[in-house]
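These notes concern the structure reproduced below.
The values are calculated or read from the model by the stated rules, or taken from the named source; none is laboratory data. Keep in mind the model is a prediction, meaning the values are calculated, not measured. Ideal geometry is used to build each Cβ from the backbone, glycine not excepted, and the neighbour counts take in all protein chains shown.
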Protein chains: 2
Amino acid sequence: MLDGRAMSESALARAVAAFSRGEPVLVFDSDFREQETDLLWPATAATPEVMRQLRKDCGGLLFLAIGDDVGEMFGLPYLQDIHTHAALVAENPVLAALITDDLQYDTRSAFTLSLNHRDTFTGITDRDRALTTRRFGELAGEMTDASTEQAIVALGKEFRTPGHIPLCRESPGGLQTRQGHTELAVAIARLAGLAPCTIGAEMLQPEGDIALSVEDAREYAHEHGIPMLTGDDIMSALGIE
Amino acid sequence: MLDGRAMSESALARAVAAFSRGEPVLVFDSDFREQETDLLWPATAATPEVMRQLRKDCGGLLFLAIGDDVGEMFGLPYLQDIHTHAALVAENPVLAALITDDLQYDTRSAFTLSLNHRDTFTGITDRDRALTTRRFGELAGEMTDASTEQAIVALGKEFRTPGHIPLCRESPGGLQTRQGHTELAVAIARLAGLAPCTIGAEMLQPEGDIALSVEDAREYAHEHGIPMLTGDDIMSALGIE
């Protein structure tokens, strides 16, 4: 008989192996946070088919979660930080009025800049969103030994902002400091030995107006043969209480 | 026999009447631009059901198009402008690298700030996106006689940025200067006598990776009894060549 912990380790090993092969995983965060399940793929595995499955089966915002190290390498600032910059606020008072200081489940928004690959047309088709996502993931892997200056030049050569792929940057300290979907999404990429760049979307109820329940997400996982994990599974694997 | 122009005026009248009742319309921009059809509702008509139809039937980004006058009233800046602000670029060199100077169908991005209503939880459920959208549309109507200072205070009391509803601000001069989805979406709201705040999304192919063809969009319009217009219909009605 396997105990709960062993089951969870085995589920984790299967999920990590699938993710490392470019296959999807499902991650439910926690009953005590957003209570949402995300469908996730490595950014480098993004194809038009992947983007189509995300938009058709999930319903939430398609987002690209990136590791704090990737954000640092490319110098990608948090929107919350640049939109509260004193010089900008002085000229745009609405930025002070719209300040984020009241999130119900967190203290910080993870959003950084949104991007489009420069070779996209409208930016929103499956083809365009796949190109933006895949090339960002590939470039993050190619630039690991580059300087920040080189990485920024390479990024700007291929991408522009604003775009149709919102990026979410992992909190400094990762899951140790914030247990959000962004942190979970990049943690699974790292466990799979990939650059921490993960494309995903929140699963909403097909016929209801709230998030898909964890039971329905498990049913979807079973039907599609997709490994499903919880935030606790990932945190246990990393030795985080 | 009706000639093409009369047909088009009749179709326009039906679409405008439907929109003024809080019903949807479909707008195909042009063969010479993005070649995309958007499904649109007045922002004030946003309900969880409306958001669900948008995410399920469209596949593209859900966006809130606002009139240039509404953007001015609330002091909402274009992302392209604030993200190229000298003080910000000096501290975040990536902003210079990611500059938008190469759009294939336009010279400007319409994106302004993204918003969440402060009473939302995750911001992404149909319930949350409907609240953000509906209240923004209502507030725009309530604030028409207010000063910019009052409008900004009222906006900040209810909304925060960043959020899950990306806003697109009409170009100054509207359709006279830019014939984009944003300008078309707010033009139909004005024709219907509503505050120029329109929620919509781009229709993508259900089983393909590009935009829905205009023929398939017409089929969808027919099946769902939704009036469909082209950019030319709207521009003709406004006397714009």
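Go through the range B:37-61 and report how many residues are more than 13 Å from the chain's Cα centre (by Cα) and under 20 Å from residue A:165 (Cα atoms).
The total comes to 6.
Condition check ((1) touching a strand residue (DSSP E or B) at 6+ places or on another chain (Cβ under 8 Å); (2) more than 10 Å from chain B (Cβ to nearest Cβ); (3) surrounded by 19 or more Cβ atoms within 10 Å (Cβ to Cβ)) across all residues:
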position: A:23; (1), (2), (3): yes, yes, no
position: A:46; (1), (2), (3): yes, yes, yes
position: A:70; (1), (2), (3): yes, yes, yes
position: A:99; (1), (2), (3): yes, no, no
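Name the single residue that is farthest from residue A:83 (Cα to Cα) among those in the range B:21-75 being touching a Pro at 6+ places or on another chain (Cβ under 6 Å) and aromatic (Phe, Trp, Tyr).
Per the criteria, the residue is B:41.
Considering the range A:77-93 alone, what residues qualify as being surrounded by fewer than 23 Cβ atoms within 10 Å (Cβ to Cβ) and either of a type in the set (Ser, Thr, Tyr) or within 7 Å of another protein chain (Cβ to nearest Cβ) (or both)?
Matches in the range A:77-93: A:77, A:78, A:80, A:82, A:84, A:85, A:87, A:88, A:92, A:93.
Identify, by number, the condition in (1) within 12 Å of chain A (Cβ to nearest Cβ); (2) without any contact (Cβ under 8 Å) to a residue 60 or more places away in the chain; (3) among the hydrophobic types (A, V, I, L, M, F, W, C) that residue B:110 doesn't meet.
Condition (2) is where residue B:110 drops out.
Could you tell me whether residue B:108 is of a type in the set (Lys, Arg) and either crowded, with 18+ Cβ neighbours inside 10 Å or within 20 Å of residue A:63 (Cα to Cα) (or both)?
no
Restricting the search to the range A:183-200, which residues are out of contact with any Lys or Arg (no Cβ under 7 Å at 6 or more places or on another chain) and crowded, with 24+ Cβ neighbours inside 10 Å?
As a first pass, look at the range A:183-200 and keep what is out of contact with any Lys or Arg (no Cβ under 7 Å at 6 or more places or on another chain): A:183-195, A:197-200.
Across the range A:183-200, the qualifying residues are A:183, A:184, A:185, A:186, A:187, A:188, A:189, A:195, A:197, A:198, A:199, A:200.
Do you know which of the residues in the range B:25-44 that are crowded, with 24+ Cβ neighbours inside 10 Å and hydrophobic (A, V, I, L, M, F, W, C) is farthest from residue A:208 (Cα to Cα)?
Ranking the candidates gives B:28 first.
For (1) part of a helix (DSSP H, G or I); (2) within 14 Å of chain B (Cβ to nearest Cβ), each residue gets a yes or a no:
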| position | (1), (2) |
| --- | --- |
| A:198 | no, no |
| A:201 | no, yes |
| A:207 | no, yes |
| A:218 | yes, no |
| A:223 | yes, no |
| A:226 | no, no |
| A:229 | no, no |
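Would you pick out the residues in the range B:134-165 that are in contact (Cβ under 8 Å) with a residue 24 or more places away in the chain, over 22 Å from residue B:201 (Cβ atoms) and of a type in the set (Gly, Ala, Ser)?
Correct list: B:141, B:146, B:151.
How about the range B:198-229: which of its residues are within 19 Å of residue B:67 (Cα to Cα), out of contact with any Pro (no Cβ under 7 Å at 6 or more places or on another chain) and of a type outside the set (Gly, Ala, Ser)?
Step one: filter the range B:198-229 for residues within 19 Å of residue B:67 (Cα to Cα), giving B:198-202.
After this cut, where a residue has to be out of contact with any Pro (no Cβ under 7 Å at 6 or more places or on another chain) as well, the list is B:199-202.
Correct list: B:199, B:202.
So residue B:102 ticks every box in (1) modelled with pLDDT under 95; (2) in contact with a Leu (Cβ under 8 Å, 6 or more places away or on another chain) but one. Which box is left unticked?
(2)
Any residue at all in the range A:152-168 that's modelled with pLDDT under 95 and β-branched (Val, Ile, Thr)?
no
Among the residues that make up the range B:115-128, is at least one of them more than 12 Å from chain A (Cβ to nearest Cβ), under 15 Å from the mean Cα position of the chain (by Cα) and surrounded by 15 or more Cβ atoms within 10 Å (Cβ to Cβ)?
no
For (1) more than 21 Å from residue A:82 (Cα to Cα); (2) facing chain B (nearest Cβ under 9 Å), each residue gets a yes or a no:
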residue	(1), (2)
A:145	yes, no
A:152	no, yes
A:157	yes, yes
A:177	yes, no
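Does residue B:162 qualify as being in contact with a strand residue (DSSP E or B) (Cβ under 9 Å, 6 or more places away or on another chain), within 9 Å of chain A (Cβ to nearest Cβ), not aromatic (Phe, Trp, Tyr) and not in a loop (DSSP other than H, G, I, E, B)?
Yes, satisfied.
May I ask you to list the residues in the range A:165-192 that are more than 13 Å from residue A:69 (Cβ to Cβ), outside any helix (DSSP H, G or I) and in contact with a Ser or Thr (Cβ under 6 Å, 6 or more places away or on another chain)?
Once the filter is applied, which keeps residues that are more than 13 Å from residue A:69 (Cβ to Cβ), outside any helix (DSSP H, G or I) and in contact with a Ser or Thr (Cβ under 6 Å, 6 or more places away or on another chain), the range A:165-192 yields A:165, A:166, A:167, A:168, A:177, A:178, A:192.
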